[in-house]
Amino acid sequence: MTTNNDFEMDSTLRILDAASKNYPAGSKEEATVQLAAISLLYLRKIQKLEDFLEYYREFSDPSFSVPIAQTFTTQDEADAWLRGGSANDGDLVKIAGQGFQVVRLPRGLKFLRTPLPEELGPPRST
């Protein structure tokens, strides 16, 4: 799946269904594959599938880059920045080479592990 025009929902759902059967019923792996299928169906239901496919195309483009708000060598540096009041909900940061997103929770801002494109590697073509 390299462009929006290449995407076939029925084929993709069949592949995900077959993949989920490779794992024991009730396993985390099976649930994860099922979640991927349900996510696609939901995107189609709310009429956002084309937006997602456009994002996927951009994400798959080697020149695509995610804006990083800050880069930190250590977790301690990142935690100090978070406490310092400069962070915004939704900011993406890199801590010791790993991606995180700043999220606002009831008890304040926290880091949520969010792999960056370079951590995921290039998409595999189908």
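Residue pairs whose Cβ atoms lie under 8 Å apart, separated by 6 or more positions or on different chains, with the first residue in region 17-28 and open to solvent by less than 80 Å² (accessible area, probe 1.4 Å) and the second of a type in the set (Gly, Ala, Ser) and not in a loop (DSSP other than H, G, I, E, B), are ASP17/ALA37; SER20/ALA37. Restricting the first member to region 106-126 and to residues that are of a type in the set (Gly, Ala, Ser), and the second to residues that are modelled with pLDDT under 90, the beta-carbon pairs closer than 9 Å and six or more apart or on different chains are SER125/MET1; SER125/THR2.
Restricting attention to region 29-77, and to residues there that are of a type in the set (Ser, Thr, Tyr) and open to solvent by 70 Å² or more (accessible area, probe 1.4 Å), which single residue is farthest from LYS94 (Cα to Cα)?
So in region 29-77, the residues of a type in the set (Ser, Thr, Tyr) come out as 32, 39, 42, 55-56, 60, 63, 65, 71, 73-74.
If we keep only those that are open to solvent by 70 Å² or more (accessible area, probe 1.4 Å) too, we end up with 32, 42, 55, 63, 65, 71, 73.
Details: THR32: 25, TYR42: 30, TYR55: 21, SER63: 19, SER65: 13, THR71: 5, THR73: 8 Å.
Per the criteria, the residue is TYR42.
Taking region 102-124 as the range and being surrounded by fewer than 16 Cβ atoms within 10 Å (Cβ to Cβ), within 14 Å of the chain's Cα centre (by Cα) and not in a helix (DSSP H, G or I) as the test, the residues that pass are LEU112, ARG113, THR114, PRO115, GLY121, PRO122, PRO123. In the set (1) open to solvent by 90 Å² or more (accessible area, probe 1.4 Å); (2) on the phi > 0 side of the Ramachandran plot, the condition left unmet by GLY85 is number (1). Among the residues making up region 53-83, those that are under 25 Å from ARG104 (Cβ atoms) and touching an Asp or Glu at 6+ places or on another chain (Cβ under 8 Å) are ALA69, GLN70.
The values are calculated or read from the model by the stated rules, or taken from the named source; none is laboratory data. All of these numbers come straight from a predicted model, not from anything done at the bench. Note: ideal-geometry Cβ built from the backbone for every residue, glycine included; neighbour counts use all protein chains shown. Just so you know, the surface numbers come from the protein's heavy atoms only, side chains and all, with ligands and any DNA or RNA stripped out. Shrake-Rupley method; radii C 1.70, N 1.55, O 1.52, S 1.80 Å.
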